[in-house]
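The values are calculated or read from the model by the stated rules, or taken from the named source; none is laboratory data. Please read these numbers as outputs of a predicted model, since none were measured by experiment. No Cβ is skipped: glycine too gets one built from the backbone with ideal geometry, and neighbour counts run over all protein chains shown.
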Amino acid sequence: MLKRVAITGPESTGKSWLAKQLANHYHTVWVPEYAREYLEANGPEYVYDDIVFFARKQKEREDSLANVATNLIFCDTEPVVTKIWSEVVFNKCDPWIEHEMANNPYDLYLLCYPDIRWEPDTLRENPDNRMELFELYVKEMEANRLPYVVIRGVGKERLQHALDAVNRMLSNATN
């Protein structure tokens, strides 16, 4: 049975890198962040309605890639990310995103801690409040009883912590 692993957390915490590394290690696929690709191609401006559009496209992409995944799929963003993004920027969240979050949880959430250097780019908006945003993720995980592990460290150490968490999940699934 396919296990879905979400790579989540504030901006510039290594989510994309980690998703790629994990997919490579487990010989499977990862789902890139649709919103980033869209905004890179169309400009950094967005409105409230764009966020649910991004979330729906992300879900479509994930469902499509699930058809070619092995026993694992790694997702570089998911409804928790879009919920927090929407609430932080617009003080509200589309009910579709909340429904997806509540009704389609992932088997494991790897919550990336903001202990790596900020990498500025034209799409990133929050260089000074990553810890505050991290706490919003923890609050969301706890409130919704989502299975999460905080991932810390730099480079290979960070990857090893993620591998350990995924391996524990896989081990628990077979017991």
For segment 159-171, how many residues are at pLDDT below 95 and either of a type in the set (Asp, Glu) or not in a helix (DSSP H, G or I) (or both)?
0
Which members of segment 139-158 meet the condition of being closer than 17 Å to PRO114 by Cβ, in contact (Cβ under 8 Å) with a residue 40 or more places away in the chain and either in contact with a helix residue (DSSP H, G or I) (Cβ under 6 Å, 6 or more places away or on another chain) or not in a helix (DSSP H, G or I) (or both)?
GLU140, TYR148, VAL149, ILE151
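Table: residues versus (1) closer than 20 Å to GLU140 by Cβ; (2) touching a residue at least 12 places away in the same chain (Cβ under 8 Å).
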{"position": "LYS15", "(1), (2)": "yes, yes"}
{"position": "THR28", "(1), (2)": "no, yes"}
{"position": "GLY43", "(1), (2)": "no, no"}
{"position": "TYR46", "(1), (2)": "no, no"}
{"position": "VAL52", "(1), (2)": "yes, yes"}
{"position": "ALA66", "(1), (2)": "no, yes"}
{"position": "ASP76", "(1), (2)": "yes, yes"}
{"position": "ASP115", "(1), (2)": "yes, yes"}
With the condition kept exactly as written, say whether any residue in segment 124-138 is among the aliphatic types (A, V, I, L, M), at pLDDT below 95 and not in a helix (DSSP H, G or I).
no
Considering only residues that are at pLDDT 95 or above and of a type in the set (S, T, N, Q), which ones fall in segment 83-121?
SER86, ASN91
Out of curiosity, is ASP76 touching an Asp or Glu at 6+ places or on another chain (Cβ under 6 Å) and closer than 21 Å to LYS20 by Cβ?
yes
Counting only residues that are over 16 Å from LEU65 (Cβ atoms), buried (at least 21 other Cβ atoms within 10 Å of the Cβ) and modelled with pLDDT of 95 or more, how many does segment 10-49 have?
1
